[in-house]
Amino acid sequence: MSAMSHGELRELASAYVLGALDHDDRERFEAHLAGCAECLAEVRSFRPVVHALARTVDSREPSADLRARVIGSATRREMRTTLASAAPPRSRIGTVIPWVLATAAAIALAALTPYTVQLRNRTRQLAAVVRDLSARLADSDRQLLVARNDVSLLAAPDARRVDLRGQAPAPQAGARAYFSRTRGVYFVASDLPSIAADKAYQLWFVLPGGANPVSASVFTPDAGGRAELIANVPAGMADPSVLAVTLEPAGGSPQPTTTPFLVGNVN
Amino acid sequence: LQRVRRALGGLPAEQRKALKLAYYEGLSQSEIAERLKEPLGTVKSRIRTAMIKLRDSLELDQRMREPQAP
């Protein structure tokens, strides 16, 4: 079994939500999904499609043909029961009954086959629903974990609040951060100006004594100018005196290249 | 429901067929390839393209129905 690239795995998402992956692909994709937020998001993005398809299938009626065959075989079975109970002289009818039974059974079986196919399909659809729900559950677990980290960060004994103020390029912007050496930095900004697709904001730890600033995180705000992130504090880094945000090319820069949009002292 | 039907109807016949076999008949991709006598890769990309189109048309529709932000 050859290794698949992330792109190839991601392409399996749509067939996965349909429940149409072959066994090996499914196992590979599920193993990968457990640790990949991007693929999980891809799976989630197809959820409305599957829900919509499910609603169209639920409204389907059994075909008139199938219905006729099922009703027909039930009626024949009733006739057969009546015939059998009203047939004392076994010597003559005895040879006919097994033939009637066999025919009725064959007809009933023929009517049942499409039904088994329907059941099999329904089972597969339910399996897809279960997979969808487990993906959703994994997603919620992840969010819960993030929320717990947020709380533990805010409650960390060494957490310090940092209020960042908007500077000349964005006077209306503002941000608040909590810095903890052990738990990382939690940062929420509002009213940041929207930026071109090839740009990103970058959060910096500005160190005392003129040492080079250290990048904390690169981020883009949502359409409302809001951004929220948690970043790790590099081990061995001196305590920063200031947190600052600059505008950089997408992907970030090794060192800040523009005047800060936001600045705040770490008290 | 109407939207899905319309979106399904808007797909090229071969994509719709592959999608229907996958969803309504519960076939796997290789079973579909066998049934349609098509290469597996073709079936995979048809299903993926169809799913992406349905997703996009549902999203577009959703966005159009949302009230515009002031």
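Derivation of every value follows stated rules applied to the coordinates shown; laboratory data play no part. Because the structure is a prediction, the values reported are computed rather than measured. Cβ sites come from the backbone with ideal geometry, for glycine too, and all protein chains shown count toward neighbours.
If r is the Cβ-Cβ distance from residue B:45 to residue A:141 and R0 is 35 Å, what FRET efficiency results, to the nearest 0.05?
Numbers: r = 33 Å, r/R0 = 0.93.
For R0 = 35 Å, the calculated efficiency reads 0.60.
Considering every pair of different Cα atoms, what Kirkwood radius, in Å, is found for chain B?
13.0 Å
Can you list residues from other chains, or at least 5 along the same chain, whose modelled amide H is less than 5 Å from the amide H of residue A:160?
It is A:179, A:180, by chain and number.
Averaged across A:20-31, how many Cβ atoms of other chains sit within 10 Å of each residue's Cβ atom?
Values: counts 17, 5, 7, 2, 1, 4, 1, 0, 0, 0, 0, 0.
Whole-number average of other-chain Cβ neighbours for A:20-31 is 3.
Tell me, in nm to one decimal, what length is gained between residue A:150 and residue A:6 on full extension, where the rule is 0.36 nm per residue of separation less the Cα-Cα distance? Don't jump to the answer; show the numbers that get you there.
Numbers: separation 144, 0.36 × 144 = 51.84 nm, distance 2.91 nm.
Full extension of this stretch gives 48.9 nm more.
What order do you get for A:26, B:46 when you list them from fewest to most C-beta neighbours inside 10 Å? Spell out each step's value before the answer.
Numbers: A:26 17, B:46 23.
Listed from fewest to most nearby Cβ atoms, that is A:26, B:46.
Can you work out ³J(HN,Hα) from phi for every residue in region A:12-24, in order, using Karplus 6.51 cos²θ - 1.76 cosθ + 1.60 and θ = phi - 60°, giving whole Hz and x for Gly and Pro?
Working through the residues one at a time gives 7, 4, 5, 6, 5, 5, 7, x, 9, 6, 6, 3, 5 Hz.
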